[in-house]
1. Provide a single number: the residues in the range 128-141 that are in contact with a helix residue (DSSP H, G or I) (Cβ under 7 Å, 6 or more places away or on another chain) and open to solvent by less than 70 Å² (accessible area, probe 1.4 Å).
2. Is there any pair with a first residue in the range 68-91 that is hydroxyl-bearing (Ser, Thr, Tyr) and a second that is open to solvent by 10 Å² or more (accessible area, probe 1.4 Å) and within 13 Å of the ligand (Cβ to nearest atom) whose Cβ atoms are under 6 Å apart and which are 6 or more apart or on different chains, and what are they?
3. Could you say which residue among LEU36, LEU40 is open to solvent by less than 10 Å² (accessible area, probe 1.4 Å) and either in contact with a Ser or Thr (Cβ under 9 Å, 6 or more places away or on another chain) or modelled with pLDDT under 95 (or both)?
4. I'm told GLY52 meets every condition in (1) free of Cβ contacts under 8 Å to residues at least 12 places away in the same chain; (2) within 13 Å of the ligand (Cβ to nearest atom); (3) over 16 Å from the mean Cα position of the chain (by Cα) except one. Can you identify the failing condition by its number?
5. Does at least one position in the range 83-91 carry a residue that is over 16 Å from GLY29 (Cβ atoms) and either among the aromatic types (Phe, Trp, Tyr) or away from the ligand (no atom under 12 Å from the Cβ) (or both)?
6. Does ASN134 satisfy the criteria of being more than 18 Å from GLY19 (Cα to Cα), modelled with pLDDT under 95 and not aliphatic (A, V, I, L, M)?
7. Test LEU156 against the stated conditions and say whether it is open to solvent by 20 Å² or more (accessible area, probe 1.4 Å) and in contact with a strand residue (DSSP E or B) (Cβ under 8 Å, 6 or more places away or on another chain).
8. Quick one: in the range 68-82, of everything that is hydrophobic (A, V, I, L, M, F, W, C) and either farther than 20 Å from PRO128 by Cα or open to solvent by less than 10 Å² (accessible area, probe 1.4 Å) (or both), which residue is farthest from the ligand (Cβ to nearest atom)?
Amino acid sequence: MEQIHNSPVGPVQRVILIGLMGAGKSSIGRRLSKELDLPLIDLDDVIVEKAGMSIPEIFEQQGEAAFRRMESETLREAVEQPAIIATGGGIVMAEENRALLKQHPPVVWLQASPEFLAARIDGDSNRPLIAVGNTLNRLKSLAELRYPLYEACADLVVPREFLKKKEVVQIILRFLASRKQP
Ligand code: S3P
């Protein structure tokens, strides 16, 4: 039997956070994890732990395809558990992952513009996809490709850049509470 956690918003077993790099999936995930008393599974952290190397090292030594395989495997394992799941920005690229997201609601898209995100992550050496070239341009092309996919997978879209972290969490909690009503 699946375990159910009780919290002020009712029994919540899982929330999956999606969105581009820098949207705050990990930090919002940490806050939600405390609020809902559920463990946080940060897929990137699990991959790093499993591989015994950093994300840039995985990309460099094994290639992006290998990273994506680990990412799908880690998502498959994570959705089996009651948890707040912070995904990596590229999770929506694989059809298999999108199907899993659709099967495990609620999925929350932390939406933000490339401009907002670029200011937050420019120069971050832990993100291989922005290691080369102009961060803003890179984010713009990722956004073009991924926004429709995030939208297709999301049960809730939160406009991250216009809100404080606390407000983002409150919106998500309100959404969770509203889903529980008959
Ligand atoms: C990626 C985002 C990263 C990480 C990897 C690839 C992407 O996670 O999974 O560098 O494809 O956008 P964050 O979104 O947490 O930065």
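1. 6
2. Close Cβ pairs satisfying both conditions: SER72/ALA94; THR74/VAL46.
3. Step by step, each of LEU36, LEU40 is checked, and only LEU36 is open to solvent by less than 10 Å² (accessible area, probe 1.4 Å) and either in contact with a Ser or Thr (Cβ under 9 Å, 6 or more places away or on another chain) or modelled with pLDDT under 95 (or both).
4. (2)
5. no
6. yes
7. yes
8. If we filter the range 68-82 for residues that are hydrophobic (A, V, I, L, M, F, W, C), which is where we start, we get 70, 75, 78-79.
After this cut, where a residue has to be either farther than 20 Å from PRO128 by Cα or open to solvent by less than 10 Å² (accessible area, probe 1.4 Å) (or both) as well, the list is 75, 78-79.
Numbers: LEU75: 11, ALA78: 13, VAL79: 17 Å.
For the range 68-82, the residue satisfying everything is VAL79.
The values are calculated or read from the model by the stated rules, or taken from the named source; none is laboratory data. If you're wondering where the values come from, they're calculated on a predicted model, not measured in any experiment. In this analysis, Cβ positions are derived from the backbone assuming ideal geometry, glycine residues included, and neighbour counts consider all displayed protein chains. Side chains included, ligands, DNA and RNA excluded: accessible areas come from the protein's heavy atoms. Shrake-Rupley method; radii C 1.70, N 1.55, O 1.52, S 1.80 Å.
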